[in-house]
């Protein structure tokens, strides 16, 4: 595994935890993980990168980064604001972005909002954020409020053993291998008096009251000017990509063996790393 460096940076309102892998003088590539994952998500990919300074973030509410203030929803556009502040704090004039799942949609929105700041964009198993149809907004808002009220009073039961949490992570909606689960849970678990709990903010589990509409999402995708690579897993979440990719200007699409977390699997990680290594001129 490549050398990694862990540190914190401060942006307005938050402390952001970062894992860096690879060459400190290499091409700076900022990596954004998926929902309920953390910066360790890119550990396998980092093994095959050359000449790359991989800067992997814990997004707000995840891993060892700060949470949003109590009662503040987790809107995806706030992640775009955070990313802009993080890039400034790292003193990066322009960036290369890699995002997985939710992280891919954040990277895409940022690339559309700030096309002059992004050189290359890679979206792994994601592209557009989840959305609400305009004609269903009143009903979707009502359902989200009702669900938030029900979930707000619930507490998750801690795991007695770390292995119990590892098994749960391995067998979640988007399964991962044991090694990947173990690496993720180094930052994804916190020990309490009652056992082991997830380290992410429980507020991340509450449904969004408001989301972008499809028309709004398309406007961001059409504004992207960076060279864009989209990666799909043969057994992944194609619905996060299909129907959106045609809004991009001449994207490169690759499909590799694996599921939603294929970047944590050796074969796909090697192929994805080849593409990123090609960004080094």
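The values are calculated or read from the model by the stated rules, or taken from the named source; none is laboratory data. Remember, it's a predicted structure, so these values are computed and weren't measured experimentally. Every residue, glycine among them, receives a Cβ derived from its backbone with ideal geometry; neighbour counts consider all protein chains shown.
Observations on the model:
- Answer residue from the range 156-174, given it is surrounded by 14 or more Cβ atoms within 10 Å (Cβ to Cβ) and within 23 Å of residue 126 (Cα to Cα) and is farthest from the chain's Cα centre (by Cα) among those: 170
- A Cβ distance below 9 Å, combined with a sequence gap of six or more or placement on separate chains, defines the contacts here; from the range 257-281, residues that are at pLDDT below 95 reach residues that are not in a helix (DSSP H, G or I) in the pairs 281/27.
- Verdict on residue 110 being in a loop (DSSP other than H, G, I, E, B) and either in contact (Cβ under 8 Å) with a residue 60 or more places away in the chain or in contact with a helix residue (DSSP H, G or I) (Cβ under 6 Å, 6 or more places away or on another chain) (or both): no
- Any strands (runs of 3 or more DSSP E) falling wholly within the range 183-234 and containing at least 1 residues that are closer than 21 Å to residue 99 by Cα, in contact (Cβ under 8 Å) with a residue 12 or more places away in the chain and in contact with a strand residue (DSSP E or B) (Cβ under 9 Å, 6 or more places away or on another chain): 227-233
- Index of the failed condition, residue 189 passing every other in (1) surrounded by fewer than 17 Cβ atoms within 10 Å (Cβ to Cβ); (2) touching a helix residue (DSSP H, G or I) at 6+ places or on another chain (Cβ under 7 Å); (3) under 25 Å from residue 56 (Cβ atoms): (1)
- Residues that are touching a strand residue (DSSP E or B) at 6+ places or on another chain (Cβ under 9 Å), over 21 Å from residue 111 (Cβ atoms) and loosely packed, with under 14 Cβ neighbours inside 10 Å within the range 235-281 comprise 257, 267, listed in sequence order.
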